[in-house]
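K.L.:
There's a structure below that I have some questions on.
The numbers here are math on the coordinates, done by the rules we state, and not lab data. This one's a predicted model, so the numbers in the text were calculated from it and none came from an experiment. For neighbour counting, all protein chains shown are included, and Cβ atoms are generated from backbone atoms with ideal geometry for every residue, glycine included.
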Amino acid sequence: MLKLVGCILLLFATTGIGFILAGKLAARPKQIRRLISALSILETEIHYSSRNLSTACSHIGDRDIEMISELFRQMALRLTTMDGAATYECLKLAVQDWWPTSAMKTSEKEVFLQFCKTLGNSDRSDQLTHLALAKQNLQVEEQKAREEQFQYEKMVRTLGVLAGALLIILLY
């Protein structure tokens, strides 16, 4: 009886791991899309508004863009609390603190940090050019993430169940 309970728990655990990993694969393209959406809002802020960067980030953080709002809130907080520090350093620290909580990979992080280097260091038109480039690069990454999701999501779920079944067979 105890063996049966252990086998059921093992199957649930490996199945759960498979579903968690599949969920991360599914979340990545959604989060990239939301980041692109937030950058579009920032583009509007830069182009039509005369707000400073911390206020613009705070404004984006106040919107309900799942997961991404927190990134922009942290960016706004760093920009206001780290007075005198370089803009890029403030943004980099906020990104490094927030990134592990997301499903995005380092390629998206590098694209975003590359864009952050231009914020506050160039004129409005140059920032808009770099913003458009960052959005383009993120769209490419989103397409790759969708392909990866399509290719691996179902396999990872199935692998979780099958790994549990294999362990049960080996242990029983």
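K.L.:
Across the range 24-47, which residue is surrounded by the most Cβ atoms within 10 Å (Cβ to Cβ) among those that are farther than 18 Å from residue 107 by Cα and touching a residue at least 40 places away in the same chain (Cβ under 8 Å)?
P.N.:
So, considering only residues that are farther than 18 Å from residue 107 by Cα and touching a residue at least 40 places away in the same chain (Cβ under 8 Å), the one surrounded by the most Cβ atoms within 10 Å (Cβ to Cβ) is 42.
K.L.:
Continuing with the same structure: Kindly indicate which of 97, 83 is farther than 30 Å from residue 8 by Cβ and exposed (fewer than 13 other Cβ atoms within 10 Å of the Cβ).
P.N.:
So the residue among 97, 83 that is farther than 30 Å from residue 8 by Cβ and exposed (fewer than 13 other Cβ atoms within 10 Å of the Cβ) is 83.
K.L.:
On the given criteria, is residue 133 farther than 21 Å from residue 56 by Cα, out of contact with any helix residue (DSSP H, G or I) (no Cβ under 7 Å at 6 or more places or on another chain) and surrounded by 12 or more Cβ atoms within 10 Å (Cβ to Cβ)? It would help to see each step written out before you state the result.
P.N.:
Details: farther than 21 Å from residue 56 by Cα: no; out of contact with any helix residue (DSSP H, G or I) (no Cβ under 7 Å at 6 or more places or on another chain): yes; surrounded by 12 or more Cβ atoms within 10 Å (Cβ to Cβ): yes.
No, not satisfied.
K.L.:
Here is a follow-up. Against the condition touching a residue at least 12 places away in the same chain (Cβ under 8 Å), of a type in the set (A, V, I, L, M) and either buried (at least 19 other Cβ atoms within 10 Å of the Cβ) or in contact with a Pro (Cβ under 7 Å, 6 or more places away or on another chain) (or both), how does residue 53 come out, does it pass?
P.N.:
In short, yes.
K.L.:
Does any residue in the range 94-123 that is farther than 17 Å from residue 77 by Cβ and in contact (Cβ under 8 Å) with a residue 60 or more places away in the chain come within less than 8 Å, Cβ to Cβ, of a residue that is of a type in the set (Lys, Arg) and assigned to a helix (DSSP H, G or I) six or more places away or on a different chain, and which pairs are these?
P.N.:
103/24; 103/28; 104/28; 105/28
Yes or no, residue by residue, for (1) touching a Cys at 6+ places or on another chain (Cβ under 8 Å); (2) under 30 Å from residue 167 (Cβ atoms):
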site	(1), (2)
10	no, yes
18	no, yes
30	no, no
36	no, no
53	no, no
73	yes, no
83	no, no
86	no, no
99	no, no
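K.L.:
Within the range 158-172, is even one residue aromatic (Phe, Trp, Tyr), in a helix (DSSP H, G or I) and out of contact with any strand residue (DSSP E or B) (no Cβ under 8 Å at 6 or more places or on another chain)? Don't jump to the end; show me each part of the working.
P.N.:
Pass one, the range 158-172, residues aromatic (Phe, Trp, Tyr): 172.
Then drop every residue that is not in a helix (DSSP H, G or I), which leaves none.
No - not one qualifying residue is present in the range 158-172.
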